[in-house]
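The values are calculated or read from the model by the stated rules, or taken from the named source; none is laboratory data. Here the structure is a predicted model, which means the values were calculated and not measured. Cβ coordinates were reconstructed from backbone atoms using ideal geometry, including for glycine residues, and neighbour counts include every protein chain displayed. Heads up: the accessible areas ignore ligands, DNA and RNA and are worked out on the full protein's heavy atoms, side chains in. Shrake-Rupley method; radii C 1.70, N 1.55, O 1.52, S 1.80 Å.
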Amino acid sequence: MPTVSVVIPLYNSERTIGRAIKSVLEQTFSDFELIVIDDGSTDSSVNIVKTFKDDRLRIFLFDNSGAPTARNRGIEKAKADLVAFLDSDDMWTPEKLADQVPIITNTPQAGLVYSWSDYIDTQDNVVCPGKRVTASKELEKNYASLLVSNFLENGSTPLIKKAVLHEVGGFDVLLKSSQDLDLYLKIAAKYQFLTIPKVQVKYRITPGSITSKIASNEQKEIEFIEQLFLKVPQKFKHLKRQKLSNLYRYLMLRTVEEGSSSVRGLIYLSKMLYYRPILVFEQWRFITVMILKALIGFLPDILSKAILKKPNQYPSSASAD
């Protein structure tokens, strides 16, 4: 029986699935099985998977049911006691499993271990660093931190005990968004989180897709937050405004950075400040930069490009916290 089951949910990822699989097969820790759950792909993704000749790789074909269902199906197929998830457009560094397996195996009170991430573009170039958060040994601190912000950042970073996944019920397929965060919160309520303080996940972003996707799902995110804070213990309910502020901060960042809608970016900024007015004083430099970047969208195209070409005109908002 393998030590780790790696689950990749797959849907129409012909451009990236090969790189994702390769990053798993090149792990320095080799005692794993790789389970690809195809969720009804209509492109050449499945054919690409089948080109890999490795006895550790298994692929299962299903009709399209969504990523949460695909991940749960991967859990059902898993033979190992530890389960790692990798999205089909992300990649791992070679030592990820080698670093994560020993620490979680030797910590009975831990439910999961995660590593840090960097954001990459379509050519695998690092666009910006991710968060560098180290989990606390105190369960309540981790739970509170997750309520405010998903410090794991994505679904490709954790290694989780299968028994814990079964205990908390896996991914909630009824949720319209934030299924990863929901899972992490359920685990954080009962188990310790462990951190590998290294960048071991390359999380892919595609220019032009993030803002449109998140903007269209804004209401779903709000609904998730409303449902979430109806269930949390009373002592954590005051964190709801901070959570909403962080959501609009993220929406504003993506919108302004991609230049898709200056008006929308400013609306998100105003909502961010509405829920946390203190940010006007705490992050006034960052807010000024965001306003300037948004206003560039209102300028004539030639003038906007001339301003943006000036070196070091504004610091990158992706790293402003």
Query raised in the report: What pairs come up if the first residue lies in the stretch 273-285 and is under 16 Å from K243 (Cβ atoms), the second is surrounded by 12 or more Cβ atoms within 10 Å (Cβ to Cβ) and at pLDDT below 85, and their beta carbons are under 9 Å apart, counting only those six or more places apart or on different chains?
Result: L273/I287; L279/F286; L279/I287
Report summary line: Checked the stretch 143-160 for anything in contact with a Phe, Trp or Tyr (Cβ under 8 Å, 6 or more places away or on another chain) and open to solvent by 10 Å² or more (accessible area, probe 1.4 Å); matches are Y143, A144, S145, N150, E153
Report summary line: Flagged in the stretch 73-112 as within 24 Å of L185 (Cβ to Cβ), touching a helix residue (DSSP H, G or I) at 6+ places or on another chain (Cβ under 9 Å) and of a type in the set (V, I, T), in numbering order, are I75, V83
Report summary line: P207 passes all but one of the listed conditions (1) outside any helix (DSSP H, G or I); (2) open to solvent by less than 50 Å² (accessible area, probe 1.4 Å); (3) modelled with pLDDT under 95; the exception is number (2)
Query - T3, sole failed condition from (1) touching a Phe, Trp or Tyr at 6+ places or on another chain (Cβ under 8 Å); (2) without any contact (Cβ under 8 Å) to a residue 60 or more places away in the chain; (3) open to solvent by 10 Å² or more (accessible area, probe 1.4 Å); (4) under 30 Å from T107 (Cβ atoms) - result: (2)
Report task. Only residues in the stretch 175-198 that are open to solvent by 30 Å² or more (accessible area, probe 1.4 Å) count as the first member; pair them with residues that are part of a strand (DSSP E or B), Cβ under 7 angstrom, at least 6 apart or cross-chain, and list the lot. Result -> K190/G111; Y191/A110; Y191/G111; P197/W116; K198/S115; K198/W116
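Hey, any hits in the stretch 32-51 for a residue that's hydrophobic (A, V, I, L, M, F, W, C), within 19 Å of D124 (Cβ to Cβ), in contact with a helix residue (DSSP H, G or I) (Cβ under 6 Å, 6 or more places away or on another chain) and open to solvent by less than 40 Å² (accessible area, probe 1.4 Å)?
Within the stretch 32-51, the subset hydrophobic (A, V, I, L, M, F, W, C) is 32, 34-37, 46, 48-49.
In the following step, the residues that additionally are within 19 Å of D124 (Cβ to Cβ) were identified as 48.
Right, trim to in contact with a helix residue (DSSP H, G or I) (Cβ under 6 Å, 6 or more places away or on another chain) and you get 48.
Adding the requirement that they be open to solvent by less than 40 Å² (accessible area, probe 1.4 Å) leaves none.
No: the stretch 32-51 contains no residue that is hydrophobic (A, V, I, L, M, F, W, C), within 19 Å of D124 (Cβ to Cβ), in contact with a helix residue (DSSP H, G or I) (Cβ under 6 Å, 6 or more places away or on another chain) and open to solvent by less than 40 Å² (accessible area, probe 1.4 Å).
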**Report entry** When residues of the stretch 59-101 are limited to those that are among the acidic types (D, E) and touching a strand residue (DSSP E or B) at 6+ places or on another chain (Cβ under 6 Å), the one farthest from I48 (Cα to Cα)
**Finding:** D99
Report task. Kindly provide the set of residues from the stretch 161-175 that are of a type in the set (G, A, S) and part of a helix (DSSP H, G or I), ordered by number. Result -> A163
Requested in this report: Go through the residues of the stretch 124-142 one by one and say whether even a single one is under 24 Å from I222 (Cα atoms) and open to solvent by less than 10 Å² (accessible area, probe 1.4 Å).
Outcome: yes
Report task. Give me the pairs, please: first residue somewhere in the stretch 106-127 and closer than 24 Å to I17 by Cα, second residue anywhere and open to solvent by 80 Å² or more (accessible area, probe 1.4 Å) and among the charged types (D, E, K, R), beta-carbon distance under 9 Å, and either six or more positions apart or on two chains. Result -> S115/K198; W116/R132; W116/K198; T122/R15
Query raised in the report: In the stretch 265-312, what residues are among the basic types (K, R), modelled with pLDDT under 80, open to solvent by 70 Å² or more (accessible area, probe 1.4 Å) and not in a loop (DSSP other than H, G, I, E, B)?
Result: K305
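Kindly indicate the residue of the stretch 102-122 that is over 17 Å from the mean Cα position of the chain (by Cα) and among the hydrophobic types (A, V, I, L, M, F, W, C) and also surrounded by the fewest Cβ atoms within 10 Å (Cβ to Cβ) among those meeting that condition. Break it down into steps so the answer makes sense when it comes.
As a first pass, look at the stretch 102-122 and keep what is over 17 Å from the mean Cα position of the chain (by Cα): 102-111.
Imposing the further condition that a residue be among the hydrophobic types (A, V, I, L, M, F, W, C) reduces the set to 103-104, 110.
On the way: I103: 14, I104: 21, A110: 21.
Among those residues, the one meeting the criterion is I103.
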Query raised in the report: Do we have any residue at all in the stretch 97-117 that's closer than 30 Å to R249 by Cβ and touching a Gly at 6+ places or on another chain (Cβ under 9 Å)?
Result: yes
Query raised in the report: Out of the stretch 24-55, which residues are in contact (Cβ under 8 Å) with a residue 24 or more places away in the chain and assigned to a helix (DSSP H, G or I)?
Result: V24, L25, S45, V46, I48, V49
Query raised in the report: Got at least one residue in the stretch 11-23 being outside any helix (DSSP H, G or I), within 16 Å of V201 (Cβ to Cβ) and modelled with pLDDT of 95 or more?
Result: yes
